[in-house]
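Student: Sharing a structure here in structure tokens format.
The values are calculated or read from the model by the stated rules, or taken from the named source; none is laboratory data. What you are looking at is a predicted structure, and each value in this text was computed from that prediction instead of being measured. Virtual Cβ from ideal backbone geometry, glycine too; neighbours counted across all protein chains shown.
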Amino acid sequence: MTILESIGSVRESFRADLDSFPTDQREIDLLRSKYFGRKGLLADLYILLSGLSNKEKPKAGQSINSLKKELQKEFDRKTASIAGPKHVTNDQLLDLSLPGYPITNGSIHPLQQTLDEIKGIFKSVGFKVAYGPEIEDDYHNFEALNIPKHHPARDMQDTFFVEDNVVLRTHTSNVQIHLMEEREPPLRYIVPGRVYRNEAVSYKSYCLFHQIEGLYVDKNVSMGDLKGILEYFVKRFFGESTTMRFRPSFFPFTEPSAEVDIWDEKREKWMEILGCGMVDPNVFDNVGYDSTVWHGYAFGMGIERMAMLKYGIDDIRLFYQNDVRFLEQF
Ligand code: DAH
């Protein structure tokens, strides 16, 4: 085969390959190196060329060069017509005019908002904020609050036991005892915190929830003071025109005891919002306060319950599901 014949057969082979030009990038690369690679068909022709006599070289050399140009042009044209990401430059891929993914603002959880608001109201009238343990001994959660073992009042709160005599606190009232054990009267505190009850989960009860306890101990504290502070609170929290009532009730740690209801316009009924009363002298005895000198009131309310009434939420579980569609409404 003369060199011109070899050149001709490379051209023919290239034509055939062009007819079934691959679309896959890997195959395109293979094809490119078949012709243009270091060991490709064009390189073979140059090797043949180097073996020619000086007389034959110029003409053959020109033919190979023009073949090379021709193939390169065709090859480029073909690859350009195949739209693949590799042939698109970065700034063509990046369309800066497309709308971006929206970044939404987070919001404060409705329970936290409610808690902040309640805290703010009580702080504005002189209450300090204290906290206490969620894992509690039987004594602080029950006994010292005048709820002896086997007393039917224990059934008011279904309890999670950690071990004998150690419970997940069923209310924030345990912190009343800690505060009075640790400090001398007078004292005026609110105590927010998480509490636990071993109840079937439903729209109205959950295995954990939050409470705020209030405790005020001083000389000459009366039921009138308790009514005054709670009325002030209710009107600030639910609105000036809120109707409320005190209803006699029973709690082992207060005597007398009451529950407070507010009139719910939407539901058209009284809704209970909290329990309260005058600290029972037995409780003072348990913490070593002289109950002939010191008097006090206490109250306890559920934060979920407050939020549900204020915002018209009818399922307590919503607070714990972290569904953005719920959360972003606050
Ligand atoms: N601890 C009570 C409960 O969880 C609520 C309560 C009632 C707290 C009366 C008080 C109180 O401090 O005086 O149901």
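Student: Can you tell me which residues in region 276-291 are outside any strand (DSSP E or B) and within 16 Å of the ligand (Cβ to nearest atom)?
Tutor: Those that are outside any strand (DSSP E or B) and within 16 Å of the ligand (Cβ to nearest atom): Asp280, Pro281, Asn282, Val283, Phe284, Asn286, Val287, Tyr289, Ser291.
Student: Within region 207-247, restricting attention to residues that are in a helix (DSSP H, G or I) and in contact with a Ser or Thr (Cβ under 8 Å, 6 or more places away or on another chain), which residue is surrounded by the most Cβ atoms within 10 Å (Cβ to Cβ)?
Tutor: Only one residue tops the list, namely Val234.
Condition check ((1) among the basic types (Lys, Arg); (2) more than 11 Å from the ligand (Cβ to nearest atom); (3) surrounded by fewer than 18 Cβ atoms within 10 Å (Cβ to Cβ); (4) not assigned by TED's automatic domain parsing to the domain that holds Val279) across all residues:
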{"residue": "Ala144", "(1), (2), (3), (4)": "no, yes, no, no"}
{"residue": "Lys149", "(1), (2), (3), (4)": "yes, yes, yes, no"}
{"residue": "Met156", "(1), (2), (3), (4)": "no, no, yes, no"}
{"residue": "Phe161", "(1), (2), (3), (4)": "no, yes, yes, no"}
{"residue": "Val167", "(1), (2), (3), (4)": "no, yes, no, no"}
{"residue": "Val175", "(1), (2), (3), (4)": "no, no, no, no"}
{"residue": "Glu181", "(1), (2), (3), (4)": "no, yes, yes, no"}
{"residue": "Pro185", "(1), (2), (3), (4)": "no, yes, no, no"}
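Student: Just to be sure before I move on: is Asp290 under 18 Å from Gln211 (Cα atoms) and surrounded by fewer than 21 Cβ atoms within 10 Å (Cβ to Cβ) in the structure I sent?
Tutor: No.
Student: Inspect region 199-220 for any residue being within 25 Å of the chain's Cα centre (by Cα), of a type in the set (Phe, Trp, Tyr) and within 16 Å of the ligand (Cβ to nearest atom) and give the result as yes or no.
Tutor: Checked region 199-220: at least one residue is within 25 Å of the chain's Cα centre (by Cα), of a type in the set (Phe, Trp, Tyr) and within 16 Å of the ligand (Cβ to nearest atom).
Each row is one residue, and each column tells you yes or no for (1) within 30 Å of the chain's Cα centre (by Cα); (2) more than 10 Å from the ligand (Cβ to nearest atom).
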{"position": "Phe238", "(1), (2)": "yes, yes"}
{"position": "Ser249", "(1), (2)": "no, no"}
{"position": "Glu259", "(1), (2)": "no, no"}
{"position": "Asp264", "(1), (2)": "no, yes"}
{"position": "Leu274", "(1), (2)": "yes, no"}
{"position": "Val293", "(1), (2)": "no, yes"}
{"position": "Gly302", "(1), (2)": "yes, no"}
{"position": "Asp314", "(1), (2)": "yes, yes"}
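Student: Is region 125-138 home to any residue that is away from the ligand (no atom under 16 Å from the Cβ) and over 29 Å from Val234 (Cα atoms)?
Tutor: Yes, that holds for at least one residue.
Student: Identify, please: which residue in region 12-30 is over 54 Å from the mean Cα position of the chain (by Cα) and surrounded by 15 or more Cβ atoms within 10 Å (Cβ to Cβ) and is, among those, nearest to Lys73 (Cα to Cα)?
Tutor: Among residues in region 12-30 that are over 54 Å from the mean Cα position of the chain (by Cα) and surrounded by 15 or more Cβ atoms within 10 Å (Cβ to Cβ), the one nearest to Lys73 (Cα to Cα) is Phe14.
Student: Consider only pairs whose beta carbons are under 8 Å apart and that are at least six residues apart or on different chains; among these, list those whose first residue lies in region 57-86 and is at pLDDT 90 or above and whose second residue is surrounded by 10 or more Cβ atoms within 10 Å (Cβ to Cβ) and not in a helix (DSSP H, G or I).
Tutor: Hits for this filter: Ala60/Leu52.
Student: Scan region 158-170 and report the pairs whose first residue is touching a residue at least 24 places away in the same chain (Cβ under 8 Å) and whose second residue is basic (Lys, Arg) and within 16 Å of the ligand (Cβ to nearest atom), with Cβ atoms within less than 7 Å and a gap of 6+ or a chain change.
Tutor: Taking only residues 6 or more apart or on different chains, the pairs are Asp158/Arg197; Thr170/Arg197.
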